[in-house]
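To start, the structure itself, in structure tokens.
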Amino acid sequence: MTLPEIDLGLRQLRLSGIRGTFEARVLQVQGASQPFLETFCLLLQDEVDRRQSRLIARGLLAIQG
């Protein structure tokens, strides 16, 4: 699978948090030889962080609005 194909798949699954950091994580793994499970956990955490940030931003907008 190529990077554009992975990007398309992540977009279709609405995993924007992973999409935003995927290439950086790939480079990080290649440089550090991290185990797959650790890398996968980091990617999932990227998605969780992105979603939490969006929820917080929406909450702040609702309070100000």
- Determine which single condition Gly59 fails, assuming it passes every other condition in (1) touching a residue at least 24 places away in the same chain (Cβ under 8 Å); (2) out of contact with any Asp or Glu (no Cβ under 8 Å at 6 or more places or on another chain). (1)
- Message: Among the residues of the range 13-20, are any polar (S, T, N, Q) and out of contact with any Asp or Glu (no Cβ under 9 Å at 6 or more places or on another chain)?
- Response: no
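Rule-based calculations on the coordinates, nothing more; no lab input. Note that the structure is predicted; figures quoted are calculated from it, not measured. Glycine also receives a Cβ, built like all others from the backbone with ideal geometry; neighbour counts cover every protein chain displayed.
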